1. For the range 155-254, give the magnitude of the charge dipole about the Cα centre (Cβ charges: +1 Lys/Arg, -1 Asp/Glu; no others), in debye to the nearest 20.
2. Two-decimal Rg/Rh of the chain from alpha-carbon positions, Kirkwood Rh?
3. Enter the angle in degrees (range 0 to 90, nearest 10) between the Cα long axis of helix 241-257 and the first principal axis of the Cα atoms of the chain, meaning the one along which they spread out most.
4. Looking at this model, which pairs from Lys196/Lys252; Lys23/Lys114; Lys114/Lys252 are more than 22 angstrom apart at the alpha-carbon?
5. Can you figure out the FRET efficiency of Ser55 with Ile169, using R₀ = 30 Å and their beta-carbon distance, to the nearest 0.05?
6. For the range 179-187, what does the Karplus curve 6.51 cos²θ - 1.76 cosθ + 1.60, with θ = phi - 60°, yield as ³J(HN,Hα) per residue in whole Hz, taken in order and with x for Gly and Pro?
7. Specify the angular offset, from 0 to 90 degrees and rounded to the nearest 10, of the alpha carbon long axis of helix 51-63 from the longest principal axis of the alpha carbons in the chain.
8. Using modelled amide H (1.01 Å from N, peptide plane; none on Pro or chain starts), what sits under 5 Å from the amide H of Ala272, excluding residues fewer than 5 places away?
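Each reported figure results from applying straightforward, stated rules to the coordinates on display, with no laboratory input. Just so you know, these numbers come straight off a predicted model, no measurement behind them. As a convention, Cβ positions derive from the backbone with ideal geometry for all residues, glycine included, and neighbour counts pool all protein chains shown.
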Amino acid sequence: MTTTGPEKGTAGSFTPSPVEPLKHQLLATLAQHRMASTHQLHLLLRPDRSRQSVSERLNDLLGERLVDFVVLPQSHRTRVWYLTPKGARLTRDWPALRGRPPYPVTSATAASLKTPHTLTVLRTHLAFVVDARRRGDEHGHLDWTPEVFHSIGDGERIIADALMHYTLIEGEQRRKLRAFVEVDRATMSSERLAAKLIEYARLWAYEPQPPGRRRQANGPGWLRWYPVFPRILFVLTGASRQTMDNRINDLKAMATHHPLVAGLAREVPLGAAVLDDLDELGPTSHIWVPLAGGKYRPWTQL
């Protein structure tokens, strides 16, 4: 009696690939980051392949009406891609995207309005991705979640431009780091930028109380999501170097003189850097100003 293995096409012969197809990764990335240019998607997902291979898959998804694009003005027809409502519905329940705030960009008008800030936040993410590849650290396309919000009491909430997850590899040791990232394009006053530190200090100190109960020690609310409070990184762009230095000095003054922020600064690493420096030198170079004082250093050593 001879036996044969499962016939081709049966359940027993099917072994799922551990590598996600590029089309799946493109959809997940656009769901995660709202929108991205072709160049950014190429650099993020397939830097070792031709840009044409990414463009072809995007055009396939365009034909399936899962994505659409707008063309940036004065950019040599640079395309910025986003999910259509059909694409947003398709990706909504994917395991890797569970818990993602439901703010998809699903129209050309919305994409045009959000493009400058969204692409700058993604540019910041790419600086960390490229540096992680060079170093052998772990930081991929889904390790950066834009627009993360938390309650800070009194019916208010703080919205971070992004939450970053990063695994630092040092020999045999793996060190997991988290950071709230604020990307400043100099579109708000320096005072408003510095006041963002007050909001983070309120989040750090906030202890939610169950309704209808007397005040009791429940611990800070952020412990529901993080084993330690994420470090806070400000990335500046969109102004002269002198203007950005002045804005960093205002952040340092807030960390020194505001009582609640000063308490935060004693416990949580706070730093600021210029986006051009992240691009040119890498985030783990000595480009970060510690807001609590001290010399320039890598963000991992704040």
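1. With only Lys, Arg, Asp and Glu charged at Cβ, the dipole is about 400 debye.
2. Value, to two decimals: 1.02.
3. 60
4. Where the Cα-Cα span goes over 22 Å, the pairs concerned are Lys23/Lys114; Lys114/Lys252.
5. E(calc), rounded to 0.05, equals 0.40.
6. 8, 7, 10, 10, 9, 9, 9, 6, 9
7. Taking the Cα atoms of the chain, the angle to 51-63 is about 80 degrees.
8. Placed amide hydrogens put Phe234, Val289, Leu291 under 5 Å from Ala272.
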